[in-house]
Amino acid sequence: MTKIDNAVKDLIEKCISTQRVEFPKEEIANNSLLLDKEIIFEIDSNPESIKLNPNSIEFNRKLLKEAEVYLEREIPKNIVGAFGLVEDFQKKLKEENGIAENVINGYGSLIKGLQGYILHRLHSDRFDVKGFYLDKLKPKGERENELFLFEQHLYRFLPYSKYSSKEIWEICQRTLATDDRFYVDEFARNLAFNNFNLAEEIYSIAVRSEQPSETFFIASLLIGLHNSGLGGVFEKALELHKSHPQQGYHVLNSLKNLSDEENNLIFELVRNDHLTESAGSKAQVICSLIDNSKVNEKLRGDCFSLLITYLQQENKESVKIVFRTIIYNLKSFEAEKYKLLHIYLENTQDISVIESFFYNYENSEYLFHLMKMIYKAGWQRGSINRFESAIFHFWNNDTQETEKQILELFRPEDKLGMLPVEIIMTGSFGAIPIDLLKLETKQQQAKAIEAITLFPHTFDRLLPIVLPLSQSPYPEVVKFLQIKLSELIYDAYHKSLLDDIENLLGESKEDKAFVRPLKEAYKNYKSIVAKKKSINDLNPYENERDLMDLYSSLEHENRAKMMQDINENPKGFLAAVGKSTIIVRGNSWKQELEDEVMPLGKVESSFILDARLFKNPDLQEYILNTYDKR
């Protein structure tokens, strides 16, 4: 074997053994030779790493031979059988490495260009791929499983085929006429990189088309040609904009390294366009100009002013389109973007955008400023739901800063009530695990205890967060925590809370001393329960016995009426249900026409609820609604 054959064979073995297609350069022997042959590429964001080129003919030729060896059979001459060989190869690799068949892993990236190479090989053997696609391939819902993603492999093959630009354009037109156009658009974007001359030739043919479904293909071709070094694309994009504004914006938005004059021309083009249907495209272009580091400050300021104008217009639907474009496309200038949010909310009162607004943000300060502002303006039960995804986003990306922002909400002077506790309770699998011992003053620690112990449900999630304050350096805080937990044991959660506390604490002398007054609170609770049970006037089993007897008799009467209705109307709904479903021994069921007996599934859900909510609901609701607001 030649040196390149050995290098490719080693690369294949490494991809199979590691289930990866990206590696540090030092892990790949002869990487310079593989780079020269374009079998691998450098990763743009990390030049010291490389990735496999799945479209490399040299690589796929060798990979196909490996597949034939693995499966101990040659590739079939028909297209369905050839594609089936690739699927069997992937199954074999997964089987040998103990991977379930339905698990997606690196082997998909390894072989994703193999079917395209098979088309190349069949085409070289005079198989008419074009004719097969245009005349013989069945619609997706009817074709063989092996050919379900045929278009994906077809457009991997076409840049290296012997078909003329006119023939390839004919194939593209067929796909563009359908709704399944993802792969043909991807083909257009990448064609100039794979075959520059072919991309130029297809563009010269396609640009004459007036079909709306084909203009985005043309735009994608232009972007690829520009990225591969073709000059004059800016002028071509301006021409495209005249007949198809949105497609023209699509190209202009993707052009890089433009001059100040060209950037100014784009801005003027957008500012003078008053078409409502172009609102999203115009906003996207303006966002790209703002994010462009080479744009001067005057132009950037004009861009922000134009966005403000868009957000203040009367057409609310257009305003919503513009703002949602800003959310996902404006990635820098977080302070200015936050100001745009307030302008949008003032015009539309559409607070639903809060759920996705912080999608691209890195600084959590703006999120917490917004929550505090809304809390003081009119926070309602459930308002926190709007912020859950944003809180989760910042906690995952900058845990330390997000924890700092949450802890600052416990400052007594800010009077933010239950807001910090509601934020803590947005955790996906329980409460957000903040460290309350990082609160610097005893006033802040006491405020945290007061708010957390007032929270009306799922206190078991909050207990591991508040209990570490038993180690507070401030004796007053420890004493206050004992008082509040004792109140909860006596009034709300009783033995279950005491058990949870004892399980979380250790066996040290300090821990035992901390629990002692809590046990006394539970002892007092049991004492008052025993006293109440001894007084029949306080026992609902005694003083409401007549009501319970009346309820039981009415229940029996209603059941008797229902059975009488079934007997008198055998074709009615109740009779149909009763006769078609049979409960077997109370734990399974079967349908009338089915022999199989199915077990009844067990579905349950529970959470801890503060008993004070149903002992005196009006009082407790009043306390929750007015807490920290006086």
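The values are calculated or read from the model by the stated rules, or taken from the named source; none is laboratory data. Quick caveat, the model's predicted, so the values are computed rather than measured. In this analysis, Cβ positions are derived from the backbone assuming ideal geometry, glycine residues included, and neighbour counts consider all displayed protein chains. With ligands, DNA and RNA removed, areas are computed over all heavy atoms of the protein, side chains included. Shrake-Rupley method; radii C 1.70, N 1.55, O 1.52, S 1.80 Å.
So the values come out like this:
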item: Qualifying residue in the stretch 75-95 (condition: touching a helix residue (DSSP H, G or I) at 6+ places or on another chain (Cβ under 6 Å) and open to solvent by 70 Å² or more (accessible area, probe 1.4 Å)); result: no
item: Among the residues listed as G248, G224, the single one being assigned to a helix (DSSP H, G or I) and under 22 Å from Y163 (Cα atoms); result: G224
item: Residue match in the stretch 74-92 (condition: over 30 Å from E151 (Cβ atoms) and part of a loop (DSSP other than H, G, I, E, B)); result: no
item: Whichever residue in the stretch 113-128 is crowded, with 20+ Cβ neighbours inside 10 Å and of a type outside the set (S, T, Y) and, among such residues, is nearest to Y155 (Cα to Cα); result: G116
item: All positions within the stretch 399-451 that are open to solvent by 30 Å² or more (accessible area, probe 1.4 Å) and among the basic types (K, R); result: K404, R411, K415, K438, K442
item: Every residue from the stretch 32-49 that is open to solvent by 40 Å² or more (accessible area, probe 1.4 Å), not charged (D, E, K, R) and not in a strand (DSSP E or B); result: S32, L33, L35, S45
item: Test result for D491, over 41 Å from the mean Cα position of the chain (by Cα) and within 30 Å of G382 (Cβ to Cβ); result: yes
item: Criterion violated by T441 - all others in (1) closer than 26 Å to F614 by Cβ; (2) of a type in the set (S, T, N, Q); (3) over 35 Å from the mean Cα position of the chain (by Cα) satisfied; result: (1)
item: So I423, is it among the aliphatic types (A, V, I, L, M) and under 28 Å from the mean Cα position of the chain (by Cα); result: yes
item: In the stretch 287-298, the residues that are crowded, with 18+ Cβ neighbours inside 10 Å and in a helix (DSSP H, G or I); result: C287, S288, L289, I290
item: Residue in the stretch 391-406 that is of a type in the set (A, V, I, L, M), at pLDDT 95 or above and over 24 Å from N329 (Cβ atoms) present; result: yes
item: Subset of the stretch 1-40 [free of Cβ contacts under 8 Å to residues at least 40 places away in the same chain and of a type in the set (K, R)]; result: K3, K14, K25, K37
item: Qualifying positions in the stretch 52-70 - outside any helix (DSSP H, G or I) and more than 18 Å from N195 (Cβ to Cβ); result: L52
item: Filtered residues of the stretch 142-177 (kept if out of contact with any Leu (no Cβ under 8 Å at 6 or more places or on another chain), assigned to a helix (DSSP H, G or I) and among the aromatic types (F, W, Y)); result: Y155, Y160, W169
item: Any pair with Cβ under 7 angstrom, 6 or more apart, that starts in the stretch 548-570 at a residue that is free of Cβ contacts under 8 Å to residues at least 24 places away in the same chain and ends at one that is of a type in the set (G, A, S) and part of a helix (DSSP H, G or I); result: I566/A575; I566/G578; N569/A575
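So that you can scan it fast, the table gives a plain yes or no per residue for (1) out of contact with any Ser or Thr (no Cβ under 9 Å at 6 or more places or on another chain); (2) modelled with pLDDT of 90 or more; (3) buried (at least 17 other Cβ atoms within 10 Å of the Cβ); (4) assigned to a helix (DSSP H, G or I):
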residue	(1), (2), (3), (4)
Q482	no, yes, yes, yes
E487	no, yes, no, yes
Y490	yes, yes, yes, yes
N503	yes, yes, no, yes
L547	yes, no, no, yes
L550	yes, no, no, yes
Q564	yes, no, no, yes
